[in-house]
Amino acid sequence: MEWMAWTLPTATFFIVIALMLCAMTVWQVVSPGHQRKGFLPIATTRGDRLFISLLVAGYAHLLLLAVTGWPLWIATLISVAGLAIIMKWG
């Protein structure tokens, strides 16, 4: 895997995504979900809300890089808070 130039942040990113997918799979098997309407303009399942949260996180990181000189951990904290909000009330 030398051609991919894996760094600790890159490996951590993919490991966290894989763990989130595994956790969502277990959660769905243990307690099957259903579509519901929250503050998002469409009815969503848990998987939909996770996908939307990942998109929001990606755009938040890109926006932070483009507009500010802040460190990326700030965007990560914002993304984790956004994930929690979207999963709970989205």
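The values are calculated or read from the model by the stated rules, or taken from the named source; none is laboratory data. It should be emphasised that the depicted structure is a prediction, and the values quoted were computed from it without experimental measurement. Quick reminder, even Gly has a Cβ in these numbers, built from the backbone with ideal geometry, and neighbours come from all protein chains shown. What goes into the accessible areas is simple: the full protein's heavy atoms, side chains included, and nothing from ligands, DNA or RNA. Shrake-Rupley method; radii C 1.70, N 1.55, O 1.52, S 1.80 Å.
Numbers below:
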quantity: Residues satisfying the stated conditions in the stretch 35-61, i.e. among the β-branched types (Val, Ile, Thr) and within 11 Å of the chain's Cα centre (by Cα); calculated: Ile52, Val56
quantity: Any pair with Cβ under 8 angstrom, 6 or more apart, that starts in the stretch 15-43 at a residue that is closer than 17 Å to Lys88 by Cα and ends at one that is open to solvent by 50 Å² or more (accessible area, probe 1.4 Å) and among the polar types (S, T, N, Q); calculated: Ala43/Gln35
quantity: Number of positions in the stretch 32-90 that are among the basic types (Lys, Arg) and surrounded by 12 or more Cβ atoms within 10 Å (Cβ to Cβ); calculated: 3
quantity: Residue in the stretch 1-19 that is in contact with a helix residue (DSSP H, G or I) (Cβ under 8 Å, 6 or more places away or on another chain), among the β-branched types (Val, Ile, Thr) and surrounded by 13 or more Cβ atoms within 10 Å (Cβ to Cβ) present; calculated: no
